[in-house]
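The values are calculated or read from the model by the stated rules, or taken from the named source; none is laboratory data. Since the structure is predicted, the reported quantities are computational estimates derived from the model, not experimental observations. We place every Cβ from the backbone using ideal geometry, glycine too, and count neighbours over all the protein chains shown. Ligands, DNA and RNA are stripped out before the accessible areas are found, and what is left, the full protein with its side chains, is counted by its heavy atoms. Shrake-Rupley method; radii C 1.70, N 1.55, O 1.52, S 1.80 Å.
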Amino acid sequence: MAFNTTRRAMLAGSGAAVALTQAPGAHAQSTGAGGGTPPSSMPVSFTVNGTAAELELDTRVTLLDALREHLELTGTKKGCDHGQCGACTVMVNGTRINSCLSLAVQHQGDEITTIEGLGTPEDLHPMQAAFVKHDGYQCGYCTPGQICSAVATLAEIRAGIPSHVQGDITAAPVFNAAELRERMSGNICRCGAYSNIVEAITEVANSDLGAA
Amino acid sequence: MDFNQPAGTNLFDNARVIGKPTPRIDGPLKTTGTAPYAYERHDVAPDAAYGYILGAAIAKGRISAMNVAEARRAPGVVAIVAAPDVAPVGKGMGNVAPLFGGSDVAHYHQAIAVVVAETFEQARAAAALIRVDYDRTPGAFDLARAAPHAGAEEQDDGAGDGGDPQSQQTPKRIGDFADAFAAAPVKVDATYTTPDESHAMIEPHATIAGWDGDKLTLWTSNQMIAWSKSSMAKILGIAEENVRLDSPYIGGGFGSKLFVRADAVCAALAAKEAGRPVKIALQRPLIANNTAHRHATIQRIRLGAGRDGRITAIAHECWSGNLDGQSGEDGTAQTPVLYAGANRLVASRVTHLDLPEGNAMRAPGEAVGHLALEVAMDELAEATGMDPVALRLANEPTGEVPGKPGTRYSERNLTRCLTEGAERFGWARRNARPGAVRDGRWLVGMGVAAGYRGAPTQKSAARVRLEADGLLVVETDMTDIGTGSYTIIAQTAAETMGLPLDRVSVRLGDSAFPAAAGSGGQWGAASSTAGVYAACVALRRKIGEQLGFAADDATFADGRITAGDRSWALTDAGAQVAEDGIAFGDFQKGYDLGTYAGHFAEVAVDAFTGVTRIRRMLAVCDAGRILNPMSARSQVIGAMVMAAGGALMEELVVDTRFGLFVNHDLAGYEVPVHLDIPHQEVVFLDTVDPVSTPLKAKGVGELGICGPGAAIANAIYNATGIRVREYPLTLDKYLDQLPQVA
């Protein structure tokens, strides 16, 4: 690496070096972004919606971009790429995450569920059907993230994971609108469908409880 | 079809599909992630390279040197287009600064280079290697300093009069405001400020551009296809027939995607340079400064009234700024219409600012105008000792529109909105004494505001194709930005042709289709359905000519046609195509076509911390025939959410030293989240407006943001006794004034 480089290039180069030390399987080909040599890549395999995916990826590729650009599963949305909007929410081993905040190569062996794995237009998941019934969306762009988050939220409440709005965090959390609003607040809907989204999730929660 | 007089009785008065709550027909696609948005079109451009835009790091000045050599050598780089190497592109509609080209920098984060690489990561990394030197020049970044007379006493002396009467900036006077105000026994004189705001739609501006010889296709995210097709031709200096836009799904716009933006221009230039399709999404931190925003305003309102609350003098003056010093935020837009009063003054003054360009955001003008006028009305209610609902009823105009002589209301039911809303909301339980209601640690208050938003119409066309199997395909370049266009267009076609909804297929957003009104100004729903109706009427007549009946007297229902004692299957004439549009005649100019609402809010303010929580919201809307009460309600609740954001949290913070919006992402620019919004209630009055369209419908998508913010502000005053006139109403502005906690 040249020493008369810019601070930005230095930071980018440092980032690449860190990725290398943490990824012994990486195909180390470069120490800096400006050197004209290809970036580091490494293989990664995980399952997406039950289907095995084996990819050779630039180590900088986020899980979000692996899904959208490499596997062409564009149901998971990119709203901010910075973990600020929630549009990219997917479930990894049953836990929801912002897929933009996670590098794809971190997910070796993981089981990933995206919106495409919940249902199809012909065979909607109950949460998807409830969003349609209650008009829990408008432009539709945050919607896959809202739905993945909603499915995971109900699982989190069932699993007894506490939230900020509980009076007593040692008690089992309950299903109510305040809990849903708190737990869903990482998913921004700029169209403002919140009131309907809560109704959609409540319907699914109640039918789940009824079935239990 | 020419719409030259108010609609008479027609098939929509006995509608079977229109007016019924109908889940969106695009719902299964949107909820499964299978609706394709602009950046996701692997189907049309599988070999697209990735573009990444570099934004200017200064607000005003010149690029003295740009070194792209290192970036060009970076892995995967296919092409770089540097602004200093390209002549400034032309300006399309709504563009104040050129979107690309040249060495001059007009605003912060203006696009100055685009890097194309094989992957997104490579393009992003290479863009960071471009080195730019600037000559920075001073600019005007502070509205309060650029408009030093804002709120000043001398603004009613006639200064600025005598200009172009059509200009936004020319004061409009009726009667003698100054004398009437001086003589009024009760006065309110208050100045309010609203900040710059960002549309913050969740889908970033995004485009895939591909050239086939001279022909350019843009798979993009755009609200106004026909405008933007012609703008794109102008921007690039190419023939309009060589441009095609395709925007079947749009992840929110709110005005931000009315006009062509840098993503489309840079993708087109870069695709030309790269010799292959290029896809670009504006990175989130670029959007607030690169694209447009709602302008900040300073608004002064003076109300003079009798002790009975009747307004005798009303003045609303608004100051805003923009790069061109001309196109501002006209906060006075509702003031000529809402209330009576013989002596009036409105003025909207625009000054030059070197901030990023201001432009339309949902209900431009009225959205922030209500934050001033409807709080001033609350102040007048208190000054007269009247109930805020009763004060508004006392100022209901009779006859002509008071601020627009010679203009009549086409349809106005504001008093019903307010009285029925008050009843439903439990307004009678409101304690008029501020700070008097406690619920544990919470100070509780209620507020009301009236709402008005104009309901303009725009010509709109469509093509309808009846296939041999009886499926009806509607094609129009109308867009659905979350508004529900797909569904209401399908409902309109189903109603007119007598088909069930599932026998109608709607295709939108392609400039190859007939030009529609597009999604803007709250005109989309009413205008585009009227255009689809016109096309369907043409199809009915065509079928009538084939089968030998007078289509306008026939009944189309349940897949059959009945004329007199004769009857046919709809498909008896075989496959047929018709195209037509609606054009609105001058007779509408004699009317103020508007929509009205009564907005109510209840808030609780934490007596210890000052945190404000909205407990309840209600809107009672008067907006003509509601085509789909389900999606219309969503439009209104969504607008109420955005209004809550404007009242309580949204603000692009200006760095007045360097001329940029500092909080240019979704972490820094706070919008309402789930926890901020309670259950919301919306009521639509059962009204129709025959002056508007054959369907007697008007828009609702912007009405919902006109008033709720003021209702919230008034509720905070009722809860706390503190009047904050500087939006957003964040707790730092009133925490030290909260009542003593016992």
_Sites B:Glu423 and B:Met1 - FRET efficiency at Förster radius 56 Å, r taken between beta-carbons, to 0.05_ = 0.85
*Leaving out ligands, DNA and RNA, what percent of the accessible area of region A:126-211 is carbon and sulfur, probe 1.4 Å?*
60 percent
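Considering every residue in A:177-186, what mean count of other chain Cβ atoms within 10 Å of its Cβ is obtained?
3
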*On the first, second and third principal axes, largest extent first, how far apart are the outermost C-alpha atoms of region A:126-211 in Å?*
39, 28, 17
*Chains B and A: how much accessible area gets covered up at their contact, both sides added, probe 1.4 Å, in Å² to the nearest hundred?*
5300 Å²
*Filter on B:Lys60/B:Lys459; B:Lys215/B:Lys257; A:Lys78/B:Lys696; A:Lys78/B:Lys91; B:Lys30/B:Lys279 - keep pairs with C-alpha separation over 31 Å*: B:Lys60/B:Lys459; A:Lys78/B:Lys696
*Within region B:697-737: backbone nitrogen closer than 13 Å to the B:Asn431 label point (7 Å, Cα to C-beta)*: B:718-721
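If you build the convex hull over the alpha carbons only and average its shadow over all orientations, what do you get for region B:534-618? Give it in nm² to one decimal.
So the mean shadow area of the Cα hull is 11.8 nm².
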_Compute and list, largest first, the equivalent-ellipsoid semi-axes of region B:1-120 from the alpha carbon gyration tensor, each √(5λ) rounded to a whole angstrom._
46, 24, 12
*Just check region A:39-118 against the gyration tensor rule for me: Cα atoms, a ≥ b ≥ c as the square roots of the eigenvalues, rounded for a/c under 1.5, and otherwise prolate or oblate depending on whether a/b exceeds b/c.*
oblate
*Would you kindly calculate the translational diffusion coefficient of region B:160-319, applying Stokes-Einstein with the Kirkwood radius from alpha carbon pairs, for 37 °C and a viscosity of 0.692 mPa s, and quote it in µm² s⁻¹ without decimals?*
171 µm²/s
*Cα principal axis extents for the protein assembly as shown, largest first, Å*: 82, 78, 65
*Accessible area per residue of chain B at 1.4 Å probe, in Å²?*
32 Å²
_Cα-based Rg / Dmax (Å) for region B:413-502_ = 23.2, 70
*Please express the Cα-Cα pair-distance distribution P(r) of chain B as a list of whole percents, one per 10 Å bin, running from 0 to the bin with the greatest distance.*
3, 14, 23, 24, 20, 12, 4, 0, 0
*Efficiency by 1/(1 + (r/R0)^6): what FRET value for B:Asp324 and B:Glu400, r their Cβ-Cβ distance, R0 = 35 Å, to the nearest 0.05?*
0.55
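Hey, could you grab the Kirkwood Rh for region B:288-349? Inverse mean 1/r over distinct alpha carbon pairs, Å, one decimal.
13.1 Å
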*Would you mind computing, in nm to one decimal, how far apart the modelled labels at A:Ile169 and A:Lys133 are, each placed 7 Å from Cα along Cα→Cβ?*
3.5 nm
*If you take the beta carbon distance between B:Ala239 and B:Val86 as r and set R0 to 25 Å, what does 1/(1 + (r/R0)^6) give as a FRET efficiency, to the nearest 0.05?*
0.80
*Just how much of B:Lys542 is accessible, in Å², when a 1.4 Å probe is used and the result is rounded to the nearest 10?*
80 Å²
_Set of lysines near B:Lys172 by C-alpha distance (under 16 Å), chain-local residues within fewer than 8 positions excluded_ = B:Lys404
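What fraction, in whole percent, of alpha-carbon pairs in region A:93-174 exceed 20 Å separation?
47 percent
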*Rounded to the nearest whole Å², what accessible area per residue is found for region A:39-118 with the 1.4 Å probe?*
35 Å²
*Take B:Thr562, project a point 7 Å from its Cα along the Cβ direction, then tell me which residues of region B:1-19 have their backbone nitrogen under 16 Å from it.*
B:11, B:14-16
*Taking the Cβ of B:Gly498 as the center, what net charge do the other residues with Cβ under 11 Å away carry, scoring Lys and Arg +1 and Asp and Glu -1?*
+2
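How big is region B:1-54 by the Kirkwood estimate over distinct Cα pairs, in Å?
This gives a value of 16.4 Å.
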